[in-house]
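Peer 1: Got a structure for you, written out below as structure tokens; questions coming shortly.
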Amino acid sequence: MSGSRKRLPRRIADGVAVLIAAVVAFPLYWMVLSAFKPEGELLSSDPRPWTWAPTLDGFRRVFTVDGLGGYFANSLLVAAAVVLLSLLMSFLAAVALTRFRFRGRTVLLLMILVAQMVPVEALTIPLFFLMREVGGVAPAFGLNHLGSLVLVHLAFSLPLAIWMLRGFVAAVPDELEEAAKLDGASRARFVWQVLFPLVAPGLVATSVLSFIHAWNDFLFAKTFIISATENQTLPMAILVFFKPEGNDWGAIMAGSTLMTIPVLIFFVLVQRKLVSGLAGAVKG
């Protein structure tokens, strides 16, 4: 009897976890289901959570979009650049904020924390004018260029990445660095050959967040890439299915489903490090 009582809280927790997982997964299920539904079922006033007549028509219409391959390449280029640059810069910043003592360090940490609280929508218009001015000095990073998307996503990815990696770097004991110095290792060698591999789980966790933020972006791609269609990203390809006479929901859901595939592949590749990385970030 006592054993059943002890297991009851665990069963309740498991049930709540399953319920939350179902709530989170249901929109994804509905998106994939809608991608395979025929048009008649999509427009039906009595929607059902299944279909007996799956079709690939939505996917066929997506693949007929002009320049789809270019949109995919642009999204991949922007996301890869943001991930690599944010990993490098956030790692070095986390090392500096953790291993060094300098004036203004606490203020800088607070500024990084506050930067995460500013809503993206509030900064869109100021960033538009900023990118327009930047284009006059460095055209590759101005409006209608992919460089503007890389800069903006990098600015929004760095605060969270720095804050997460700071906990991982702080978890590495100072005695390890002292031992490396006794073995003749320079500070740079310790950072790249000892510290960098030790914080790999944190690097993976931050890379996933940076990749998702850049890959799924629609707001900045719509705002900064105005007329250069050759520099538009994948979410812009789905925009062509929103029409005044009626939205093509089958193609929209099919395109959204295709967009999730690279994210899933990225998750599969880094899943072993991801869980420990997120757990370490919470502890840090």
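The values are calculated or read from the model by the stated rules, or taken from the named source; none is laboratory data. In this text, all values refer to a predicted model and were calculated from it rather than measured experimentally. When we count neighbours, we look across all protein chains shown, and the Cβ atoms used for this are built from the backbone with ideal geometry, even at glycine. When the accessible area is computed, the model is the full protein with side chains, heavy atoms only, and any ligands, DNA or RNA have been set aside. Shrake-Rupley method; radii C 1.70, N 1.55, O 1.52, S 1.80 Å.
Peer 1: For the pair Glu230/Leu43, report the inter-label distance in nm, with labels modelled 7 Å from Cα in the Cβ direction.
Peer 2: With each label placed 7 Å out from Cα toward Cβ, I get 3.8 nm.
Peer 1: Can you list the equivalent-ellipsoid semi-axes of segment 231-270, largest first and in whole Å, using the square root of 5 times each Cα gyration tensor eigenvalue? Walk me through the numbers on the way to the answer.
Peer 2: Numbers: eigenvalues 127, 28, 3 Å².
Semi-axes from the Cα gyration tensor: 25, 12, 4 Å.
Peer 1: Using a 1.4 Å probe and ignoring any ligands, DNA or RNA, find the accessible area of Arg61 and quote it in Å² to the nearest 10.
Peer 2: 90 Å²
Peer 1: Specify the inter-centroid distance of segment 1-68 and segment 202-222, based on alpha-carbon positions, in whole Å.
Peer 2: Answer, in whole Å: 23.
Peer 1: Return the distance in nm (one decimal) between the two label points of a simple spin-label model at Trp52 and Arg105, each offset 7 Å from Cα along Cα→Cβ.
Peer 2: 6.9 nm
Peer 1: Charges on Cβ only, +1 for Lys and Arg, -1 for Asp and Glu, centred on the Cα centroid of the chain; of Ala17, Ala180, Pro244, which one is farthest towards the dipole's positive end?
Peer 2: About the Cα centre, the residue reaching furthest to the positive side is Ala180.
Peer 1: Okay, moving on. Tell me the mean residue ellipticity at 222 nm calculated for the chain from its helices only (DSSP H runs of n ≥ 4, each -39500 (n - 2.57), averaged over every residue, nearest 500).
Peer 2: Details: 13 runs with 209 residues, N = 284.
Rounded to the nearest 500, the figure is -24500 deg cm²/dmol.
Peer 1: Excluding ligands and nucleic acids, what accessible area in Å² is computed for Phe100 using a 1.4 Å probe, to the nearest 10?
Peer 2: 80 Å²
Peer 1: Measure off 7 Å from each Cα along the Cα-to-Cβ vector at Lys181 and Leu264, then give the distance between these two points in nanometres to one decimal.
Peer 2: It is 5.1 nm.
Peer 1: Here's another thing I want to ask about it. Please compute the length gained on full extension between Phe242 and Ala170, using 0.36 nm multiplied by the number of residues separating them and subtracting their Cα-Cα distance. Write down the numbers at each step before the final one.
Peer 2: Numbers: separation 72, 0.36 × 72 = 25.92 nm, distance 4.85 nm.
Additional length available on full extension: 21.1 nm.
Peer 1: Determine the share of segment 1-54's accessible area contributed by carbon and sulfur atoms, expressed in whole percent, with a 1.4 angstrom probe.
Peer 2: Carbon and sulfur: 69 percent of the exposed surface of segment 1-54.
Peer 1: Could I ask something else about it? Protein chains only, probe 1.4 Å: how do Thr223, Thr64 rank by accessible area, largest first? Mind dumping the intermediate values first?
Peer 2: Values: Thr223 35, Thr64 100 Å².
Greatest to least solvent exposure: Thr64, Thr223.
Peer 1: Ignoring ligands, DNA and RNA, what accessible area per residue does the chain give at 1.4 Å, in Å²?
Peer 2: Accessible surface, normalised per residue, equals 59 Å².
Peer 1: Consider just the alpha-carbon atoms of segment 1-113 and return their Rg together with their Dmax, both in angstrom.
Peer 2: Spelled out, the Cα radius of gyration and Dmax of segment 1-113 are 25.0, 67 Å.
Peer 1: Can you compute the charge dipole magnitude of segment 1-54 about its Cα centre, using +1 on each Lys and Arg Cβ and -1 on each Asp and Glu Cβ, nothing else charged? Give it in debye, rounded to the nearest 20.
Peer 2: Numbers: 7 positive and 4 negative charges, 139 e Å.
It comes to approximately 660 debye.
Peer 1: Here's a follow-up. Mind grabbing the base-10 log of I(q)/I(0) for segment 1-54 at q = 0.16, 0.23, 0.30 Å⁻¹? Debye formula, identical points on the C-alpha positions, no solvent, two decimal places.
Peer 2: With one equal scatterer per Cα and no solvent, log10 I(q)/I(0) is -0.61, -0.86, -1.08.
Peer 1: Under a 1.4 angstrom probe, counting protein chains only, how are Asp14, Asp248 ranked by accessible area, largest first? Present the calculation step by step, with values, prior to reporting the outcome.
Peer 2: Details: Asp14 70, Asp248 35 Å².
From most exposed to least exposed: Asp14, Asp248.
Peer 1: How much accessible surface does Met111 have with a 1.4 Å probe, in Å² rounded to 10?
Peer 2: Probe radius 1.4 Å; accessible area of Met111 about 120 Å².
Peer 1: Still on this structure, please answer the following. With the full set of protein chains in place, find how many percent of the accessible area of segment 107-237 is carbon and sulfur; take the probe as 1.4 Å. Display every interim value, and only then the final one.
Peer 2: Details: 4510 of 6560 Å².
Looking at segment 107-237 in its full context, I get 69 percent from C and S.
Peer 1: Running a GNM on the chain with Cα contacts under 10 Å, which residue among Val118, Val16, Val83 ends up with the highest mean-square fluctuation?
Peer 2: So, out of Val118, Val16, Val83, the one fluctuating most is Val16.
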